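Structure, as structure tokens:
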Amino acid sequence: MSKKQDDSIDNPRMVKSHDIHIDAEYAEWIAELKYRYRSAQVKAAVKVNAEKLLFNWQLGRDLVQKKAEERWGAGVVEQVSLDLKREFPKENGFSTRNLWYMKQWYLFYTEGDSQFLHQVGAEIQRLENQHETKLHQVGAEILKQSVSVIKDKKLHQLGGEFPLPFALVPWRHHVEIITKSKSIEEALFYVGKTIEQGLSRDALINCFKAHLYEHQGKIVNNFSNHLPEVQSRLVQEVLKENYDFSFATVEHDPYEERELEDALTKDVTDLLLEMGTGFAFVGRQKEIIVGGRSRKIDLLFYHIRLRCYIACEIKVKPFEPEFAGKLNYYVNAVDELLKTDDDNPTIGLLVCSDMDKTDVQWSFRGISTPMGVATYNNIRIKDALPSQEQLAERVRLLQKELQETRLLMNKNKE
């Protein structure tokens, strides 16, 4: 090492930014270093998560296959918990309850006849193939790495093979999924949602509260006729068959469309939460002028994951066939005026108070734009709610009743 190099390492000095020539190449290199390090951090976290999940799966499998309670007694799970905590005092996750969850996790996905397990295996393979190319949060490269971590264990020789995509889902998410899902299909749906959208645990719980599995994929639509298969399936997963507008309050019943729009857009955050993950609000009453005539789209969204605009019309009455023609016009207008070459085809979404599916399906015939029709419910009516004065009067009456009850009780004691 030269004297100059040695001085640069050992001489006492304050570290500071130097007066050097920074060009585009240097900036690009630094950006690449930051990306590589962040990627390494995520990969390390995924590997650790994969190893711990593999351990949990195998422990649950052992408790089942060894018939531990029959062999060593009903308290064996508690004893295993004590032994592991004694050996690894600084580690979390060895509580008795957690061990029971490990057993339940393994049983949830492996109980049943061989034909059913074969179907589960096919669904897991679909998830693996899908997320290897479409993973947003950690990327396909990291998925491959986590898969290799599991495959290195040669689980196919051990029985009860660990489903590879599970390595990308945190343990507490798995617990929520198996305790709240009614079927393996539902559980795998939420596993896929967690991987695709990087759902936090709270967001996952909200998906269960919204009954996302029951609602998604059931919207009346023509997507399969006018969209590529993959895009059609994704759109059906994103759009719901019914929207809960309980966050919106109108003045009285009946109400007009404009009043409902006012209520829905009063707090756009609430509206986007109900629409679902990935929706971005573009605007309300977006004006289109053609031939000197003005027309307005009720609500316009852009969906980040679908990479397309969604033109949404709100109707406060049941579906009528002419609604489909108007929505078709708006979809075409957005495609002509806003859509770029990087965007997928615009989707039309009609949300009305009620509908007849046959009406909708017949109305869609001959229309070449992708559209769906959903319903809404739970609008709150302000007139139906007690006023501030009425609430104050109720409180006064309750206080009076409570005071009279106390006087009576004291009188009875005497």
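The values are calculated or read from the model by the stated rules, or taken from the named source; none is laboratory data. Note that this is a predicted model, so its numbers are computed, not measured. As a convention, Cβ positions derive from the backbone with ideal geometry for all residues, glycine included, and neighbour counts pool all protein chains shown. These accessible areas exclude ligands, DNA and RNA; they are computed on the full protein's heavy atoms, side chains included. Shrake-Rupley method; radii C 1.70, N 1.55, O 1.52, S 1.80 Å.
Antiparallel DSSP bridges in segment 252-407: what percent, to the nearest 5? Let's see the in-between values first.
Details: 15 of 25 bridges.
Just about 60 percent of them are antiparallel.
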Provide the solvent-accessible area of ARG295, counting protein heavy atoms only and rolling a 1.4 Å probe, rounded to the nearest 10 Å².
70 Å²
For segment 282-391, the Cα gyration tensor yields equivalent-ellipsoid semi-axes (√(5λ), largest first, whole Å) of 29, 19, 14
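Could you order ASP343, ASP253 by accessible surface area, starting with the largest, using a probe radius of 1.4 Å? Kindly include the intermediate steps, with their values, before the conclusion.
Values: ASP343 20, ASP253 105 Å².
Most to least solvent-accessible, the answer reads ASP253, ASP343.
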Point-to-point label distance, SER353-ASP23, nm (Cα→Cβ direction, 7 Å offset)
6.9 nm
Longest to shortest principal axis, alpha-carbon extents of segment 18-92, angstrom
73, 24, 10
Per-peptide average of other Cβ atoms within 10 Å, ordering 49-55, 191-197 highest first:
191-197, 49-55
For labels at ARG233 and VAL290 in the simple 7 Å Cα→Cβ model, what's the distance in nm?
3.4 nm
Across 5 Å bins from the origin, how do the percents of Cα pairs in segment 199-244 run, short distances first?
5, 22, 25, 20, 14, 9, 4, 0
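Quote the relative contact order of segment 199-242 in percent (integer), defining contacts as alpha-carbon pairs under 8 Å separated by 6+ residues.
Numbers: 31 pairs, mean separation 20.1, N = 44.
Relative contact order for segment 199-242 comes out at 46 percent.
Using per-residue counts of other Cβ atoms within 10 Å, averaged over each peptide, order 274-281, 25-32 from highest down.
Highest mean packing first, the order is 274-281, 25-32.
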Computed from the mean reciprocal separation of all distinct C-alpha pairs, what Kirkwood hydrodynamic radius does segment 215-341 have, in Å?
15.8 Å
Kirkwood-Stokes translational diffusion coefficient of segment 176-261, alpha-carbon pairs, 20 °C, 1.002 mPa s, µm²/s
142 µm²/s
May I ask you to derive the FRET efficiency for ASP62 and ARG406 from their Cβ-Cβ distance with R0 = 60 Å, giving the value to the nearest 0.05?
0.45
For peptides 265-272, 244-251, sequence by mean Cβ density within 10 Å, most packed first
244-251, 265-272
